[in-house]
Amino acid sequence: MLHWLSFFYLNCFMLSIYSQAPDRAFLHRSNDPTGRCQYTFTVASPEESTCSGSNTKPEIDGVVSRLTLLEALVSRMIAGADRGDGTGAGPNSKDGLQEAYSHVTRERNQLQQDKESLNKQVQEMQRRLTELNQEAESLRQKPCLQTHATSGAQHENRPISDPRYNQGNGAYQEMKAEVTEVPASHLLPGGYHNFTGCGELRSVGEPVLHRKADSIMGKYGVWLQDPKPQGSIYTNMTVWRIDAVGKDVRQLFAYDDMDQFTRGFPMKVLVLPEPLESTGATLYQGSLYYQRRRSRTLIRYDLTSETLALRTDLPHAGFHGQFPYSWGGYTDIDLAVDEQGLWAIYSTTKAKGAIVISQLDPESLEVKKSWETNIRKNTVANAFMVCGRLYTVASYTATNTTINYVFDTATGEGRALSVPFKNKYRYNSMVDYNHAKRKLYAWDNFHMVTYDVRLGRVTQGSRA
Ligand code: CA
């Protein structure tokens, strides 16, 4: 062992001697501090005759660190090769592919569904086009009427004294423009154009803007015209308005006519004896009917004498947020007027939130008869009565919604319905019917609008 060590040191010494000779390359073999054998190639520098010795340490450190990096790189490459793929992502990559595949499958299924739905829409539009063509053909075959007569039919409920329609040629131009703007939804088959009697709701026209409230107090409210005015002060031209925002709502604005209403010039402001709640008030035979704040008390306020004519409770009616419409706003008790008189639309604990309709005596406010429907009040946006039938509006925010339910008090039965209805301003807080004008009045997000409605004869198939 000693002999082998001596030979080794001698050998190392000889190698180190040779390594100092210029222009020669040597292999140096020696033990490192841990006892492992190390090989070193030595190549003489062409410029330097000797090594300073003090600068070799950083160079060696640099080489060692580069080697370490290389080793790490090779290890990673070998590991990747062992996994048998070029990406180095392994099982995760498989999962990723599966997820991408199922995503593409879902997309394809969705596209197929969309395609089917679009096909259905195309078929429906083709069907409607055929109907409209038939309607146009039948109109062409009818004898041509005078333009004035046609216009008159479109505005048969407009008062003759309305100055806008008695101005000769100028008025004629206006009428002509309005007639051409009748929406296509009014061109229904079945001859409803001239139907003026009581019947079922067939269509609702586009909202027509009359006034936009100019303060936050007008976000929601009630505005109406009396379909059956009494007394000498107010007429069926008078427009009434209540801004319903606030805790002490008592101001009732009266306007001479629609023109003054649109301009924003009230003729009078009446102060109600009790504060009003919500947007369910209505006008009938010279009285304002409304729900007193935080109560089920109904009030009849006489417009001519400006006095409280009557106050009485609506038995069992929920109030102040117990059974509101879907938009809330304490819309628990909604009063309505139609061809058959005065109605209350509300709910009770006994009805468990389903809409209850009661016909009221306009003088005494006594309940004459009640009906319980099978539609929940808080699932609909609003309701109104036409010819003894209750109609509900599906949404108060959707631009394109529907009248989705009808309940006939004559038969005591209700059924689903789908008559298109527009909430143009997307926050419709009041919808009421005026049978004298045959229009719906609505308050949609500061905007006071009306809609023409078209009724049709009750057919056997459509009976509720
Ligand atoms: Ca209503």
- Item | Net +/- balance of residues flanking residue 375 in space, Cβ distance below 15 Å, scoring K and R +1, D and E -1 | +1
- Message: Based on alpha-carbon centroids, what's the gap between segment 219-269 and segment 343-384 in Å, whole number please?
- Response: 26 Å
- Query: Counting alpha carbon pairs within less than 8 Å and at least 6 residues apart, what relative contact order, in whole percent, applies to segment 197-463?
  - Reply: 20 percent
- Item | segment 197-463 - Rg and Dmax from Cα coordinates, angstrom | 16.8, 49
- Which links in 219/247; 247/422; 219/377; 369/422; 115/422 stretch past 24 Å when you go from one Cα to the other? 247/422; 369/422; 115/422
- With a 1.4 Å probe and every protein chain kept in, tell me what percent of the accessible surface of segment 260-315 is carbon plus sulfur. 44 percent
- Message: Can you give me the accessible area per residue for segment 358-464, using a 1.4 Å probe, in Å²?
- Response: 38 Å²
- Item | Within-13-Å neighbourhood charge of residue 336 [Cβ basis; K, R +1; D, E -1] | -3
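The values are calculated or read from the model by the stated rules, or taken from the named source; none is laboratory data. Worth saying up front: this structure is predicted, and the values here are computed from it rather than measured. Positions of Cβ are backbone-derived with ideal geometry, glycine not excepted, and every protein chain shown enters the neighbour counts. Just so you know, the surface numbers come from the protein's heavy atoms only, side chains and all, with ligands and any DNA or RNA stripped out. Shrake-Rupley method; radii C 1.70, N 1.55, O 1.52, S 1.80 Å.
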